[in-house]
Amino acid sequence: MGVFVLHAGQPELSSFLRLLRVPSGTALPSAGPGAERWTVLSFRGTDAAQPPEASGVSQPAHAVRRALNARLRRADLRRHGLRAPDPRGEGRGALVRRFVVPVFGPDALGVYAPDGAAGSALAAGPIRGRLAPVPAGADGRYPTAARRAERAAVRAVYALGLDYAVVVVRLDADGQPLIASIDPTPMAAAGPFAASFAEAVNRLQAQLDEDRSATRTLLFGMDPEFVLRRAGPDGTSKIVPASRYFDRRGVVGCDSVRIGDRLAYPLAELRPSPAAEPQELLRNLYAAMRLAASRIDDAGLEWLAGGMPAPGLALGGHIHVSGVGLNADLLRALDNYVALPLALLEDSASARRRPRYGALGDFRRQFHGGFEYRTLPSWIVSPAVALGVISLAKVVCEHYRELRERPLARVDMQAHYYAGDKDALRPAALAAWTDLERTAGYARYAKALDRLKRRIERMEPWNGQSDVRAAWKIPPYRV
């Protein structure tokens, strides 16, 4: 598979095109028998006719048009939990920090401060003058303010259905980011960012070449969360902090939530050893659950999973992946082929975690060189669901270039996802599943996947108030 840059011959792209080490042109490559399968990046601009969006070409025209419309852009960003200014003046402070962030796929290509101010307080208004790069620290991380701007910019580009853009981010007095503007046109690849965008395209080609290497092995890990609850004799219940039994690190640990100005550690987190095969990873997960049980000396505590089993406590079922390069196409495949069908299994409380948690395309790069897909709720409600989700993630990561269903590119489907409207989501989820069944990898895990599919077809929700130890046969447990 190769990367092909499609453009309209714009003179302003000349410096960008000269730096490319991939083919480019004003027409799509031949799609005849035996033709190479291309990853097509569109840099055609708004004045040229766009190629058919069904062809899988990046930077679709409808997304560019919505991003250029301030009203639609604001609505789209807010749907995904991002802040944007409105005509009433929200987010306009006397003093703000501003950063300019070029984004390609899931990566910021740097963080810049206007006029060399490196994030200092600036008056609101258009950005003029030079752009100075914000220096990263010895660990490669930006200072806190720039890091927040970087993450917000990447999220905004993905949320708008774009593959690249230049984003202006403002931070308010509390350090919270606001998406001030977005330039989704190919002009962003000209001028000061031409070299950065060209190198990002070249890196994508190198990544695809590496992914095709027979020496790479897909590995999967996880860190799903659960909470401990003590039920009282009068029908009341109380969440017991996981920090009472677990340290912050280790195979079994605890995770934090912020309550006001302090951190609490109510969430238990399982971190089993990674594995290449779903069954092995499931065994590792079971071993981690047995270890957790051995450290809890109160048999009366219930273990609750799902999305939000207790008010205000959102749980995640993060999946860690290595052995395949992260790009926007893979993230969208995970959203449409894993997060979308799994939404049909949630209980009614799980959707309340979105969009603050469970936003589409939520990821974090990891020290091991892979990434963590963070959109999913805690799916350890039963061994059957867990094995189905792990198997689903593996097939999607192996075959994402073949999987072209993108119902969540539609704003109405995004709204249904965030609202948890299962009836509206079901047809799209089942159509995506049919596409998945055509892959060569599906047959290897058909038993686990077909079982999960039957439950998805019935929209059979898990019970977030049920003690998961019973399903996993983790003693002692209540039936």
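Within the range 303-324, is even one residue surrounded by fewer than 19 Cβ atoms within 10 Å (Cβ to Cβ), of a type in the set (Phe, Trp, Tyr) and assigned by TED's automatic domain parsing to the domain that holds residue 403?
No, there is no match, as no residue in the range 303-324 is surrounded by fewer than 19 Cβ atoms within 10 Å (Cβ to Cβ), of a type in the set (Phe, Trp, Tyr) and assigned by TED's automatic domain parsing to the domain that holds residue 403.
Name the residues in the range 278-296 that are out of contact with any Lys or Arg (no Cβ under 8 Å at 6 or more places or on another chain) and either part of a strand (DSSP E or B) or without any contact (Cβ under 8 Å) to a residue 40 or more places away in the chain (or both), would you?
280, 283, 284, 287, 294
Among the residues in the range 401-411, are any without any contact (Cβ under 8 Å) to a residue 24 or more places away in the chain and within 25 Å of residue 80 (Cβ to Cβ)?
Yes: the range 401-411 contains one or more residues that are without any contact (Cβ under 8 Å) to a residue 24 or more places away in the chain and within 25 Å of residue 80 (Cβ to Cβ).
Spot the failing condition for residue 234; the list is (1) under 28 Å from residue 392 (Cβ atoms); (2) surrounded by fewer than 18 Cβ atoms within 10 Å (Cβ to Cβ), and only one is missed.
It fails just one condition, (1).
So which residues in the range 394-408 are over 22 Å from residue 377 (Cβ atoms) and in a helix (DSSP H, G or I), if there are any at all?
398, 399
Given the range 1-117, what helices (runs of 4 or more DSSP H) lie entirely inside it while holding 3 or more residues that are at pLDDT 95 or above?
Fully inside the range 1-117 and qualifying: 70-79.
Give the residues of the range 346-361 that are free of Cβ contacts under 8 Å to residues at least 60 places away in the same chain and under 9 Å from the mean Cα position of the chain (by Cα), sorted by residue number.
Correct list: 358 only.
Please determine, by comparing only the residues of the range 257-291 that are farther than 19 Å from residue 304 by Cβ and basic (Lys, Arg), which one is modelled with the highest pLDDT.
Step by step, filter the range 257-291, then rank; the result is 283.
Take the range 414-429 and flag every residue that is assigned to a helix (DSSP H, G or I) and free of Cβ contacts under 8 Å to residues at least 60 places away in the same chain.
Those that are assigned to a helix (DSSP H, G or I) and free of Cβ contacts under 8 Å to residues at least 60 places away in the same chain: 416, 423, 424, 427.
Quick grid of which residues meet (1) in contact with a Ser or Thr (Cβ under 6 Å, 6 or more places away or on another chain); (2) of a type in the set (D, E, K, R); (3) surrounded by fewer than 19 Cβ atoms within 10 Å (Cβ to Cβ); (4) at pLDDT 95 or above:
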| position | (1), (2), (3), (4) |
| --- | --- |
| 330 | no, no, no, yes |
| 339 | yes, no, no, yes |
| 343 | no, no, no, yes |
| 367 | no, no, yes, no |
| 380 | no, no, no, yes |
| 384 | no, no, yes, yes |
| 387 | no, no, no, yes |
| 401 | no, yes, yes, no |
| 404 | no, yes, yes, no |
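Tell me whether the range 172-187 contains one or more residues that are in contact with a Pro (Cβ under 7 Å, 6 or more places away or on another chain) and crowded, with 19+ Cβ neighbours inside 10 Å.
Filtering the range 172-187 down to residues in contact with a Pro (Cβ under 7 Å, 6 or more places away or on another chain) leaves 178, 180.
Filter once more, keeping what is crowded, with 19+ Cβ neighbours inside 10 Å: 178, 180.
Yes: the range 172-187 contains one or more residues that are in contact with a Pro (Cβ under 7 Å, 6 or more places away or on another chain) and crowded, with 19+ Cβ neighbours inside 10 Å.
Being part of a helix (DSSP H, G or I) and either among the β-branched types (Val, Ile, Thr) or closer than 23 Å to residue 287 by Cβ (or both): is that true of residue 243 here?
Yes, satisfied.
Could you say whether any residue in the range 437-445 is over 30 Å from residue 147 (Cα atoms) and either outside the structural domain of residue 330 (by TED's automatic domain parsing) or touching a His at 6+ places or on another chain (Cβ under 6 Å) (or both)?
Yes, the range 437-445 contains a residue that is over 30 Å from residue 147 (Cα atoms) and either outside the structural domain of residue 330 (by TED's automatic domain parsing) or touching a His at 6+ places or on another chain (Cβ under 6 Å) (or both).
Would you check which residues across the range 237-256 are modelled with pLDDT of 90 or more and either touching a Lys or Arg at 6+ places or on another chain (Cβ under 9 Å) or outside the structural domain of residue 292 (by TED's automatic domain parsing) (or both) and list them?
Answer for the range 237-256, where residues must be modelled with pLDDT of 90 or more and either touching a Lys or Arg at 6+ places or on another chain (Cβ under 9 Å) or outside the structural domain of residue 292 (by TED's automatic domain parsing) (or both): 238, 239, 240, 245, 246, 249, 250, 251, 252, 253, 254.
Condition check: of a type in the set (Gly, Ala, Ser), modelled with pLDDT under 90, within 30 Å of residue 100 (Cα to Cα) and not assigned by TED's automatic domain parsing to the domain that holds residue 390. Does residue 188 satisfy that?
yes
Checking the structure you have, find out if any residue of the range 216-236 is in the same structural domain as residue 412 (by TED's automatic domain parsing), out of contact with any Cys (no Cβ under 7 Å at 6 or more places or on another chain) and assigned to a helix (DSSP H, G or I).
No, every residue in the range 216-236 fails to be in the same structural domain as residue 412 (by TED's automatic domain parsing), out of contact with any Cys (no Cβ under 7 Å at 6 or more places or on another chain) and assigned to a helix (DSSP H, G or I).
If I filter the range 456-464 for residues that are in contact (Cβ under 8 Å) with a residue 12 or more places away in the chain and part of a helix (DSSP H, G or I), do I get at least one hit? Break it down stepwise before answering.
Going through the range 456-464, the residues in contact (Cβ under 8 Å) with a residue 12 or more places away in the chain turn out to be 456-457, 459-464.
Filter again for part of a helix (DSSP H, G or I), leaving 456-457.
Among the residues of the range 456-464, at least one is in contact (Cβ under 8 Å) with a residue 12 or more places away in the chain and part of a helix (DSSP H, G or I), which makes the answer yes.
The values are calculated or read from the model by the stated rules, or taken from the named source; none is laboratory data. Since this is a predicted model, take the numbers as computed values, not measurements. Reconstructed Cβ throughout: ideal geometry from the backbone, glycine too, with neighbour counts over all protein chains shown.
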